[in-house]
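Trainee: One structure coming up, written as structure tokens, with questions to follow.
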Amino acid sequence: QVQLVESGGGLVQPGGSLRLSCAASGSFFSINGMGWYRQAPGKQRELVAAITGGGSTNYADSVKGRFTISRDNAKNTVYLQMNSLKPEDTAVYSCNVDITYYTSGIWRTRDYWGQGTQVTVSS
């Protein structure tokens, strides 16, 4: 069983910054890819940023140059540094991690979702 705990959301003015964290705990062998998604009211969930186990990153065009994803493998944690926030960044942000674990003599992978954290950008 794996638990993901997110933190760092809140209310910020346009142009401000926030840093989201997502810490994984539980029984697993390794964490592979990690990512942040967001869903605004009335819209589909979209990928914001992702980082592979090797550290390669990928960003949505709308956040390039403003957001930075990083990970601390020693802490099993992924971060999303969000700068120059805009009202259109308002959404519930959720982390997703892909985990490898060993069970019943078989290696398996599956992904887990965090509970989501609200980010509101408003003056």
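Trainee: Taking the range 35-74, which trypsin sites (Lys or Arg not before Pro) meet the DSSP loop condition and have no more than 11 other C-beta atoms within 10 Å?
Mentor: Hits after loop and neighbour filter: 43, 64.
Trainee: Next question, about the same structure. Over the range 11-78, give the accessible area per residue in Å² for a 1.4 Å probe, as an integer.
Mentor: Per-residue value: 56 Å².
Trainee: Something else now. With a point put 7 Å past each Cα toward its Cβ, work out how far residue 30 is from residue 58 in nm, to one decimal.
Mentor: Simple spin-label model gives 1.9 nm for this pair.
Trainee: Hey, what did the chain get for relative contact order, percent, Cα under 8 Å, at least 6 apart?
Mentor: It rounds to 35 percent for the chain.
Trainee: How much of the accessible area of the chain, probe 1.4 Å, is carbon plus sulfur, in whole percent?
Mentor: After summing per-atom areas, the C and S share lands at 46 percent.
The values are calculated or read from the model by the stated rules, or taken from the named source; none is laboratory data. For clarity, every value in this text was computed on a predicted model and none was experimentally measured. All Cβ positions, even for glycine, are placed from backbone atoms using ideal geometry, and neighbour counts span all protein chains on display. In case anyone asks, the SASA skips ligands and DNA or RNA and just uses the protein heavy atoms, side chains included. Shrake-Rupley method; radii C 1.70, N 1.55, O 1.52, S 1.80 Å.
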